[in-house]
Amino acid sequence: MTAARVELARRGGAVVATMVGEVDLATASPLEDDVVAALAGATALVVDLSAVGYFDSAGVRLLDRLAARCADAGLPFAVVAPEAGRARFVLRVVAFGDDLVAETVEAALAAADPGPGAA
């Protein structure tokens, strides 16, 4: 069995979900459940893949489901996937929206939760 966990934190109203380990078929569903449970009252979701060592199509589907859930709820959504990381390579191969992917948590938070008065 592959090891994975999600570390959840609030930054302002945004939930930052830092995934650690391997995101694959065996781990995607439990990770998703943990993230969804943390969304109550959130103003945005940022999924940080910086600490992910393995990321496959199940991870892509996980992000797609989270993005759809956020879109349905009117929540901004962003993904952190550093340029040199494995997750970024996979996201580029599957043409995951570049506008949803940031290099750092700070950049993702700025894009996903620009704050009051932002247009």
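Some points to look at:
- The chain - convex hull of alpha carbons, volume per residue in Å³: 92 Å³
- The residues packed around residue 98, meaning those with a beta-carbon under 13 Å from its beta-carbon, carry a net charge of -1 if Lys and Arg are +1 and Asp and Glu are -1.
- Cα convex hull of the stretch 44-102 - mean projected area over all directions, nm²: 3.6 nm²
- Each of 106, 83, 32 was scored by other Cβ atoms within 10 Å of its Cβ. Listed from fewest to most, they are 83, 106, 32.
- Taking all Cα pairs closer than 8 Å and separated by 6 or more residues, the relative contact order of the stretch 44-102 comes to 45 percent.
- Axis angle, to the nearest 10 degrees, between helix 57-73 and the longest C-alpha principal axis of the chain: 20 degrees.
- Student exercise, the chain dipole from Lys, Arg, Asp, Glu Cβ charges, in Debye to nearest 20: 60 debye
- With a simple spin-label model that places each label point 7 Å from the Cα along the Cα-to-Cβ direction, the separation between residue 3 and residue 54 comes to 1.3 nm.
Values quoted throughout were computed directly from the atomic coordinates according to the rules given, and no laboratory measurement underlies them. As the structure is a computational prediction, the values presented were derived from the model and not from experiment. Cβ sites come from the backbone with ideal geometry, for glycine too, and all protein chains shown count toward neighbours.
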